[in-house]
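Have a look at the structure below before the remarks.
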Amino acid sequence: MSTAAEGPGMEISMTVNGEARSARVDPRTLLSDFLRHDLGLTGTHVGCEHGVCGACTVLMDGQSVRSCLLFAAQANGMRVETIEGLATRPDAMHPLQDAFWEHHGLQCGFCTPGMILSAKELLAANPAPSDEEIREAIAGNICRCTGYTFIVEAIRSAAEQMRAEAGAAEVRSDG
Ligand code: FES
Ligand code: FES
């Protein structure tokens, strides 16, 4: 779907959660504001607006970025993923979402979208991380509620689930 319109500003295009999006924006529009206000993707939370808390983390071409520190124009031509794009089926959550739910990896939920996207980046590169590696991957995401232990457990559990699913898919394709 396109949100492009004639008017002042600059034309940008990107893929957001697998969907081509284009719009005309003020060059100073932040990526976080573009996602939340222009596209209505309010799952990307904004806390500090200074690159400190990690709440606004999204993936840009698979890499975690703080969307409050980027202009929307810097995502031009890129592939952006937000928490809304994680579940690939309407009737099932992503294993990370399931694991956060099951292991009490969230309380108020403010940090959760950014936390989950940082975890997704980690598991794409390292499907079997140690707890140390998990803690390192989420070091830039601040949680005021959980004390982190349940978050680490949730990511460890999601990693196990995703490895099991990948193994099962491999067996099916061999068969
Ligand atoms: Fe972007 Fe805090 S809102 S890092
Ligand atoms: Fe409240 Fe993390 S669950 S900030």
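The values are calculated or read from the model by the stated rules, or taken from the named source; none is laboratory data. In this text, all values refer to a predicted model and were calculated from it rather than measured experimentally. Neighbour counts run over all protein chains shown; Cβ positions are idealised from the backbone, glycine included. Ligands, DNA and RNA are stripped out before the accessible areas are found, and what is left, the full protein with its side chains, is counted by its heavy atoms. Shrake-Rupley method; radii C 1.70, N 1.55, O 1.52, S 1.80 Å.
Here are a few things to note about the model shown:
- Helical mean residue ellipticity (222 nm; -39500 (n - 2.57) per DSSP H run of 4+; nearest 500) of the chain: -10000 deg cm²/dmol
- Burial ranking of peptide ranges 40-46, 121-127, 88-94 (average Cβ count within 10 Å, highest at the top): 40-46, 121-127, 88-94
- Extent along the principal axes, Cα only, for the stretch 50-132: 37, 28, 25 Å, with the longest axis given first.
- Accessible area of the stretch 1-142 belonging to carbon and sulfur atoms, whole % at 1.4 Å probe: 52 percent
- With the simple model of a label 7 Å out from the Cα in the direction of the Cβ, Ala139 to Ser13 spans 4.0 nm.
- Most to least packed among 98-111, 148-161 [average Cβ atoms within 10 Å]: 148-161, 98-111
- Built amide H within the under 5 Å cut-off of Met78, gap 5+: Thr15
- The distance from the alpha carbon centre of the stretch 43-71 to that of the stretch 89-133 is 16 Å, rounded to a whole number.
- Per residue, the stretch 17-175 exposes an accessible area of 52 Å² to a 1.4 Å probe, with every protein chain left in place.
- Scaling against 2.2 N^0.38 Å puts the C-alpha radius of gyration of the chain at 1.08.
- Solvent-accessible surface of protein heavy atoms, probed at 1.4 angstrom with all chains present, puts Ser22, Ser13 in the order Ser13, Ser22, largest first.
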